[in-house]
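Below you'll find the structure, written out as structure tokens, and then a few comments.
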Amino acid sequence: MNSLLLLLVAVAAFVFGYRFYSKLLALGIFRLGNEYSTPAPPRSADAGQGASCVRHLVFGQHLASLAAAAAIAGGMVSLIWGWIPAFLWVMVATLTAAGTYGLGALWLSLRFPGLNPAEIAARVLGARAHGIYALLSFLLLLIMNAVSASLAAQLMSAFPSAVLPFWSTVVLALFLGNFLRDRENFRITPVALIAVGASLMLVWLLRDYPLAFTGAIRFGAPEHYASFDATVLWTILLFTYGYHATRLPMWKLIRPRGFITALLMAVMLFIFCAAVAIDHPNLVAPEFHAGPGIPNTLPWLFITLTSGAVAGFHLLIANGISARQLKQETDARYIGYGGALALGLLALSAIVIGGTGFASTQEWTQHYAIWENFNGLHAVLERYVDGFARMASALGLDPAFARTLAALVVLGLLAATLEAGLRVQKQILTGLNECYPSLFPGREKILIGVAAGLSALLALIAGQPRDGLMLWPLLGVADQILAVLGFTLLAVILRRMERPLAVVVLPLIFLLAATHWALAEQITQWWSEDAWFLLALGVMLIFMEIAVAVLTFRALKQSPPRPQLDTGA
């Protein structure tokens, strides 16, 4: 199969989806309007700190924060079932479920300004829903932070040439944030060109100066040891950075750094598209693929490839990061639906690179023979980086430069997810502090420290290369369960407002079936492997969903008046 044809079909479908389907959602379902005001929530930690800004800046930070590296890893791994299932899932899910969820999550957050998803659930489904949504959101963020930091640390060890460019972009983001402060009407195009030009120059100048730590310290017996090596050191440094970045206002660091990362990702995708258009390599991956060491396509394709198709994590980012910075409600279409399309294109690039990065189908089959070959997710991301460098070299680009650029982009995406995850965790803990002041400390630095400390502990315990995909199934299931709960909130509110429900109910039913199917299989496996901790988390997820289902049925049965949405102009 020619990769150029796949790219053209995807681009045409995405343009059609944004031009027509997103317009239907914006005007016919959610009814976005320019007259709707989006004030910064008065109790937010970002209020009064320049929360509202140019929508392109918000789009860049939104896109970078959406666990985009998971879209790359999911796209590469999903090829294990063949390129047709992976391609169709990215296409259909992005255009329908992910786009609807992204736009709807922003709309929901704007209509309940200043409230996190748990507090919105309490308003819509009753007070008992607050704890369920808060616990699930915090658990998902805990896993996402641990995975992001662990993968970023392993990539820093694998690509030391990208370390200095990465930390240099942090410094560049500080300068950019201070420059853009209070320049609300400043033209963003010249700033974007200067920022991306400076970032590429840093990649070019610093690629020959790798920064790496060698050696390791081991504690304990040979068969049970704790290793303090470069990965552990980078993990600790990343969480230290995340702690301090979360304490800063968004305009100062994480917004401009996310914007720079999104610009570099756009450059990377442009190079990818140009390479496909000029070289148009053929996919050596088979159309369909199965084997004794491979899980069933259904339901595991939908659990493996979440970010880049549909992911519950998007609700947390839309609510805790993006919605708090929008100037007007109509921007939700551009940021929410457009962000889902951009993430889908990134996942498609992973499918093409993974499907064309082997000399023959036989070589591809050997690599994708069994699920255990993907025990190291960092190795999956490394293959994507190397594959991009191979494709870029066909355009005459220096492979070392292209490899450093791709590694920098993936590192930036992982760091943006970590930054956003810690900030949203802080908001969740702040909300719990208001409800239960005797149980949760009220000082911001303590709340951030708790979030960063728990995430770092999980990363150090379960995020090492030898543990492989241990957290991946749990992350995928929890992510999709949160998507189910997010669609549930949208369905209840739209029903009370007497709006069409099919666009949210159909994805809700599909995700409900696929997620519970996967969770039932995973719980059976955890039981057989005596993985009691993971088993307990899986059972907890089931009880949480049952509780939400009961609350949803009660809310629909009682038919209370419309939820108190903010409708001020």
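The values are calculated or read from the model by the stated rules, or taken from the named source; none is laboratory data. This one's a predicted model, so the numbers in the text were calculated from it and none came from an experiment. Every residue, glycine among them, receives a Cβ derived from its backbone with ideal geometry; neighbour counts consider all protein chains shown. Keep in mind that these areas ignore ligands, DNA and RNA; they rest on the heavy atoms of the full protein, side chains included. Shrake-Rupley method; radii C 1.70, N 1.55, O 1.52, S 1.80 Å.
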**Prompt:** According to the square roots a ≥ b ≥ c of the eigenvalues of the Cα gyration tensor, what is the shape class of segment 100-188, taking rounded for a/c under 1.5, prolate for a/b larger than b/c otherwise, and oblate for the remainder?
**Reply:** oblate
**Inter-label distance for Val11 and Phe213, nm, one decimal - labels placed 7 Å from Cα along Cα-to-Cβ** = 4.3
**Item:** Accessible area, probe 1.4 Å, largest first, for residues Cys435, Cys53, Cys273
**Value:** Cys435, Cys273, Cys53
**Fill in**
Phi angles of segment 402-419, converted by Karplus (6.51 cos²θ - 1.76 cosθ + 1.60, θ = phi - 60°) into ³J(HN,Hα) in whole Hz with x for Gly and Pro, give 5, 5, 5, 4, 5, 5, 5, 4, 5, 4, x, 5, 5, 5, 5, 5, 5, 4
**Identified option (computed Kirkwood radius over Cα pairs in Å; candidates [x] 23.7; [y] 27.3; [z] 26.2)** = [x]
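For segment 155-207, state which chymotrypsin sites (Phe, Trp or Tyr not before Pro) are in a DSSP loop and have at most 14 other beta carbons lying within 10 Å of their beta carbon.
Numbers: sites: Phe166, Trp167, Phe175, Phe179, Phe186, Trp204; in loops: Phe186.
Passing both the DSSP loop test and the Cβ count: Phe186.
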**Message:** With the crude spin-label approximation of a point 7 Å out along Cα→Cβ, what separation in nm comes out for His280 versus Trp527?
**Reply:** 5.3
**Message:** I need the phi-derived Karplus couplings for segment 368-379: 6.51 cos²θ - 1.76 cosθ + 1.60, θ = phi - 60°, integer Hz, Gly and Pro marked x.
**Reply:** 9, 5, 9, 5, 5, 5, 10, 5, x, 5, 5, 5
**Fill in**
Here the gain from full extension of Tyr436 to Val539, 0.36 nm per residue of separation minus their alpha-carbon distance, amounts to 34.5 nm
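Whole number in Å², please: accessible area per residue of the chain, 1.4 Å probe, ligands, DNA and RNA not counted. Before the final figure, lay out each step's value.
Values: 21580 Å² over 569 residues.
Computed with neighbouring chains in place, this is 38 Å² per residue.
Report, to the nearest whole %, how much of the accessible area of the chain belongs to carbon and sulfur atoms, 1.4 Å probe, protein only. Working shown, then result.
Details: 14030 of 21580 Å².
Carbon plus sulfur share of accessible area: 65 percent.
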**Message:** Given a Förster distance of 51 Å, report the FRET efficiency between Val550 and Asp229 from their Cβ-Cβ distance, rounded to the nearest 0.05.
**Reply:** 0.60
